[in-house]
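Down below is the structure, laid out as C-alpha cells.
The values are calculated or read from the model by the stated rules, or taken from the named source; none is laboratory data. Fair warning: this is a prediction, and the values are worked out from it, not measured in the lab. No Cβ is skipped: glycine too gets one built from the backbone with ideal geometry, and neighbour counts run over all protein chains shown.
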Protein chains: 2
Amino acid sequence: MAATSLYQSSYPPQLTPEQQEYLATTVHEWTITNGLVVRLRSANGAAEDSETSHAGTIPITLFPSRFPADCFLEALEIQTAYNRLYAAVASDEEWLGRVVQELAPIDSFIAKLWEIHETVKAEGYVQDLSFGLFRSDYMVHYPETQERPTIKQVEINVNSAAFGGLAPQVTSLHRYLNSVNAYPESASSTIRAGSLPPNPSTERIVAGLAATHAAYGPSPSNHPLCIVLIVQDIERNVFDQKHLELSLFSETKANVFRLPFTQVLQHTRLDTERRLLYSPPAFPDRIYEVSTVYFRAGQSPDEYNEVTWEARTHLERSRAIKCPSVLLHLAGFKKVQQILATPDSPHLARFLAAERECERVRATFAPMYPMDMSLDGLKGREMATNPEIAKRFVLKPQREAGGNNIYRGAIPAFLQNVPESQWPGYVLMEMIEPPAQRNAILRDGELQSGGVICELGVWGTVLWRRTDQGIEVLKNDEAGYLLRTKSDQSEEGGVAAGFGSLDSVCLVDV
Amino acid sequence: MAATSLYQSSYPPQLTPEQQEYLATTVHEWTITNGLVVRLRSANGAAEDSETSHAGTIPITLFPSRFPADCFLEALEIQTAYNRLYAAVASDEEWLGRVVQELAPIDSFIAKLWEIHETVKAEGYVQDLSFGLFRSDYMVHYPETQERPTIKQVEINVNSAAFGGLAPQVTSLHRYLNSVNAYPESASSTIRAGSLPPNPSTERIVAGLAATHAAYGPSPSNHPLCIVLIVQDIERNVFDQKHLELSLFSETKANVFRLPFTQVLQHTRLDTERRLLYSPPAFPDRIYEVSTVYFRAGQSPDEYNEVTWEARTHLERSRAIKCPSVLLHLAGFKKVQQILATPDSPHLARFLAAERECERVRATFAPMYPMDMSLDGLKGREMATNPEIAKRFVLKPQREAGGNNIYRGAIPAFLQNVPESQWPGYVLMEMIEPPAQRNAILRDGELQSGGVICELGVWGTVLWRRTDQGIEVLKNDEAGYLLRTKSDQSEEGGVAAGFGSLDSVCLVDV
C-alpha cells in the first residue's frame, strides 16, 4: 500500500458555507464555554499588553485527523520505556558529564547548567527524588518505499512541555461535534465508535505531580506544603496551565502557586535544612514549604540573566522535588537524542536493559548524526554540506521548541555562515516523511482548509529515586497524548508560536 | 436590632494592592478557564460587532455577599408555591382574560399576545402540557423600623430569565478562592463551612427541561426529537445559554438547537398534526421534531415585527411544549403581580388553596398599587403624584427586565408627561429598603469597591397539564438561585445591561 493511499479519502467531507459557519460557531461557543482558550494578543501583536480579562478560542481543527491506529498505540506503549530511559540518562552523571564536556566549550547555556549541578553536588544534594514530565513528539513516517506507516520521534521534551491541560478537551470537542451530528453524514464512515480514544493527559499529569507531592512527605517545619509552578512573566497559554493547577489543587488540596521565574529570589528562601519556603506576595506573612517545583519557564537561554541563573541554582539546591532537575534538563538536549539515535549507536543498551524494549524504542528513531569531529560527525558534516543529500535532512540546535531549525536545502548555506567550531552544537536528522491529509483549521475566527501535517506527542510521567545502585522507579506512566496539526505549507508547528493548531486523533486501520 | 447592624462588620476585609491584584488575577484566570464569561463588546460598545471567537470575564464580585440565612431559606422554600401560583394564573383563562381586557386598550403588545391565544384557541390547542421556568427576584427588606430582615419580591420572570447556566460557578469560584486562602484571614470569621451553599441551578433547570422533553413523548413521525432555544440574533450572554445547552444535551442525548427568533419561519414548519418540524440551515435535508421550545428571546416588544409575530403564532399553534406559552407570558406581566400584591387583595387565595402557603407568599409582597380608575388605582395615583409620598415608591411599566423603571422623586414629573389614559399601564410599588454592605466588583479588568445592593433570584421549574378541572402539576421544583449585586450608586441591576455583577450568597445569622 503506497503512502498516498492512506489519505486519499473523502475525509474530511467538503463543507457548504452554511456548514462551515455552523461548525465554526459551534466550535467557538464550545471552546469558550469549556476554557479551551488562549490569552489574546494585543492589537500590536505582542503578548505583553494582552488583556488578562479576555481570551479566545485556541487554534484548533474542525475535524479529528486520521491517524494510523497501530502507530498511535505503539507510541503510547513505549512511553514508559522512554520514561525509564530518560530517568536513567539524567541519573548517569558520568555518562551525561562526558556529553556535556563535548558541548560546554561551544554552548555556554549547557556549560552553565552543568556548573549548577557541580555546585550543588559539591555542597551535597538534599533531595534524591526526581520527577520527569515528558512529552515525546512523533510524526508518522510513510515514504513510498515503506509498506506500512511507522512513527518516528521528532524530539522529546523534558521541560515545560505545553498543552497537557487542554488536550483532553480537544477530544471532547470532536466527540461532541460528532455526537450532535455537526459533521456531514459522510464523516461517519471514518469517525466510528471507538475511533476517538479518550485522552487522560490532564488527570494523569496531575496524578504524577500529586504522587510527587505526596512522596515529598510530611515536613517537620509545620508550614503547609505547596506546589509551585515557575512561570514566564507573560504567558498566553496560561489556561492550559490553569486546568492543570485547578485539577492538581482538587487532587492534593495543597496550594498551587504561580511564581514568575524572575521573582523566585524575592519570594522564596531556604531554611537551614534547605527546605524551600515560599511567601506569596499578597500575603507576605504566610510561609509555605514547597514540595514540588514544576517549571513552565526556564527552558530557553533567553530567559536567563544573572538573577534567573541565581534563582535556578537556588531552586536546585533546595529540598523541593524539581520537574525537571538540572541533570534532567541536560538530558533533554538534542545531543543526547542524537547519540542514542545515531545508526549503530551502542548507548541505548546502557540505559534500557530489555532487548525487546531497546528495539521498540530504536525503531522510533529517525537517523541522527553529530556535527563534531568524531567518525559519525564527519559523516554528518559531509551530508549536511552536500546540497543534494542535505535535502533529506533537518539541522537542529540543542534547543527544544520550534523556531530554530534549518530545513533541507537551506542547510549548506546556513553552515557557511557558522564557524566550524560551532558546528558540534547542531545535530543532523533525517526528515520524517509524513503522509499528507486535509483538515480545516480555525484560527482567530478564520477558517483555513487544506493539506496538513500532524505531530503526535505522548506524555509520560516518572518519579524516581537516585540510589547508590542507580535508580529506583517509584511511579511510571504513559499519560495521554497531544495532537498538533499544521498547514503543510509551514515547517514549524508550535501552537503558541502561531503556526499549529490543536487536534485529536481519529484512529484508522491501515 | 437596627438595619445598620447587619453589615457594620469587618467584611469584606480591606485588601492591600498586592491582594487586590492577586485576587483579580485569580478571578480572571479561574473564570475564563471555567467559561464564566460573556461575549465582548466591540470597540465602539455595540454588541453587534462582537467577535465570536473571543470572550471575557463576566462582571463579578470578589467576595460572596452576606445574606441573612433565614431570608435565603424562605425564598427557596416558597418557590414551589410560586411555581404553582403562576401555573394556575396562566391556566385560568377567564381571570387572565379580565386582566388583559383592562390593559389591551393601552398596551398593544399585551393585546397582540392575547390575540394569538384567541387565534390558537379557536383552532384548538394541540398541546395541553406547559413548562414554566421562573426566576423570582427578591431584595432583603430591612428598614430601621423592622426588627428582623425579610425578603420582598421585586418581580417574577417567566420568560427568558438569564444566568441559570452561570450562577453555580460563582459559588464554585468563591468557594475556590476561600479554599486556596486567597482571602485575608479575617474573612474566615464570616465565610465558614456551610456558609456558601451549593447552587444547583444549572442541573435543576436542565432536569426540568429534560422532564419536559421526556413528557412530550415519542413521536410517530420517526423524526428524531430535538429541543430548540429561540435566541436573539446577537447575544452577549451566549455562554450562560451554552452551559445549559451542553448539560441538556448530556442529559437527554437530544440535539439542542439555537434558532434566532427572526429565522423561525425559515427553518420550521408544521405538519398536518401540527408537529413542529425543524431543519437546521447547515443541513436542510435533515428533519427534527421539536419537543420543547425554550424562549431566550421574544420577551420584549422591540423584538417584534410582522415576521416575529407570525413566528410566535406559528410556535404557539404547534404541538411543541412552550416555555413559556403565550398565556404564561401574559401571566408574567407586572399587572398580575400588582393585582396579587395590592394590600387586602383577595386574588391570591383564588390560586393558592393552602392558607399557610398564601400567607408565606403574601409576606414576600411589597405593597403595589394599580394606576387605573379603580379604588385602589385612585389611591395609587394620589400617592404617585404627591412628591413627598412618591419618594417611597418605584413606578414600573408592564415590561420585565431592567431599564424602564422610574424611581422616587422622579415619578410625579414623569407622569406629567404621560397622558392619563396611559397611566393604567404602570404599577406603583413601595421601594424595598435593602441593607447596605460593601463588596468589590471586577468588571472589564477594573476593580470597583464600595457600597452594594444585592438582589436574590430563585429559580423554579414546573411542568403541568391543563385539564378540564384545572391543572395537574407533573413536576414542581425549586431550582437554585442567582445573586446579582450592583453598586448602591445605581438603581438598575441588569448584569448584561452593564450595571450589575454576579455574586453568591454567604449565609449569616441575623
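Collect the residues in the stretch B:418-449 that are small (Gly, Ala, Ser), within 25 Å of B:Ala162 (Cβ to Cβ) and assigned to a strand (DSSP E or B), keeping them in residue-number order.
Within the stretch B:418-449, B:Ala440 is the sole residue that qualifies.
Looking only at the stretch A:49-64, filter to residues that are more than 20 Å from the chain's Cα centre (by Cα) and more than 10 Å from chain B (Cβ to nearest Cβ); which one of those is nearest to A:Phe239 (Cα to Cα)?
Among them, the one singled out is A:Ser50.
Considering only the stretch B:167-178, I want to know if a residue exists there that is outside any helix (DSSP H, G or I), at pLDDT 95 or above, on the phi < 0 side of the Ramachandran plot and of a type in the set (Gly, Ala, Ser).
Looking for residues that are outside any helix (DSSP H, G or I), at pLDDT 95 or above, on the phi < 0 side of the Ramachandran plot and of a type in the set (Gly, Ala, Ser), one finds none in the stretch B:167-178, hence no.
Taking A:Gln398 and the conditions (1) of a type outside the set (A, V, I, L, M, F, W, C); (2) outside the structural domain of A:Gly164 (by the TED database); (3) more than 16 Å from the chain's Cα centre (by Cα), which numbered condition does it fall short on, given that it satisfies the others?
For A:Gln398, the failing item is (3).
Tell me, which residue of the stretch A:160-181 that is of a type in the set (Ser, Thr, Tyr) and touching a strand residue (DSSP E or B) at 6+ places or on another chain (Cβ under 9 Å) is farthest from A:Val228 (Cα to Cα)?
Among them, the one singled out is A:Thr171.
Given the condition crowded, with 20+ Cβ neighbours inside 10 Å, touching a residue at least 24 places away in the same chain (Cβ under 8 Å), touching a Lys or Arg at 6+ places or on another chain (Cβ under 9 Å) and under 24 Å from A:Phe163 (Cα atoms), answer yes or no: does some residue in the stretch A:344-366 qualify?
yes
Has the stretch B:80-102 got any residue that is without any contact (Cβ under 8 Å) to a residue 60 or more places away in the chain, away from chain A (no Cβ under 14 Å) and part of a loop (DSSP other than H, G, I, E, B)?
Scanning the stretch B:80-102, I find no residue that is without any contact (Cβ under 8 Å) to a residue 60 or more places away in the chain, away from chain A (no Cβ under 14 Å) and part of a loop (DSSP other than H, G, I, E, B), so the answer is no.
Taking A:Ile110 as the residue in question, decide whether it is crowded, with 16+ Cβ neighbours inside 10 Å, under 21 Å from the mean Cα position of the chain (by Cα), hydrophobic (A, V, I, L, M, F, W, C) and more than 20 Å from A:Arg350 (Cβ to Cβ).
Taking the combined requirement at face value, the residue satisfies it.
Please list, ordered by residue number, the strands (runs of 3 or more DSSP E) wholly in the stretch B:267-340 having 1 or more residues that are farther than 30 Å from B:Gly377 by Cα and touching an Asp or Glu at 6+ places or on another chain (Cβ under 9 Å).
Filter on the stretch B:267-340 gives B:276-278, B:288-295, B:321-323.
When you scan the stretch B:414-426, do you find a residue that is under 22 Å from B:Ile339 (Cα atoms), hydrophobic (A, V, I, L, M, F, W, C), touching a Ser or Thr at 6+ places or on another chain (Cβ under 7 Å) and not assigned by the TED database to the domain that holds B:Ser108, even just one?
yes
Can you tell me which residue in the stretch B:437-464 is surrounded by the fewest Cβ atoms within 10 Å (Cβ to Cβ), limited to those that are in contact with a helix residue (DSSP H, G or I) (Cβ under 8 Å, 6 or more places away or on another chain) and over 20 Å from B:Tyr82 (Cβ atoms)?
So the residue we want is B:Gly445.
Regarding B:Leu248, is this residue outside any loop (DSSP other than H, G, I, E, B), in contact (Cβ under 8 Å) with a residue 24 or more places away in the chain and farther than 18 Å from A:Tyr22 by Cβ?
yes
Take B:Met373 and tell me if it is outside the structural domain of B:Val462 (by the TED database), outside any helix (DSSP H, G or I), over 22 Å from B:Ala88 (Cβ atoms) and of a type outside the set (Phe, Trp, Tyr).
yes
Which members of the stretch A:122-149 meet the condition of being surrounded by fewer than 19 Cβ atoms within 10 Å (Cβ to Cβ) and not in a loop (DSSP other than H, G, I, E, B)?
Correct list: A:Ala122, A:Glu123.
Which is within 14 Å of another protein chain (Cβ to nearest Cβ), in contact with a helix residue (DSSP H, G or I) (Cβ under 8 Å, 6 or more places away or on another chain) and either closer than 11 Å to B:Cys226 by Cα or crowded, with 20+ Cβ neighbours inside 10 Å (or both), of B:Val293, B:Val256, B:Val264?
One residue alone meets the criteria, B:Val256.
Looking only at residues that are farther than 20 Å from A:Val38 by Cβ, more than 8 Å from every other protein chain (Cβ to nearest Cβ) and over 25 Å from the mean Cα position of the chain (by Cα) in the stretch B:16-43, which one is surrounded by the most Cβ atoms within 10 Å (Cβ to Cβ)?
B:Gln20
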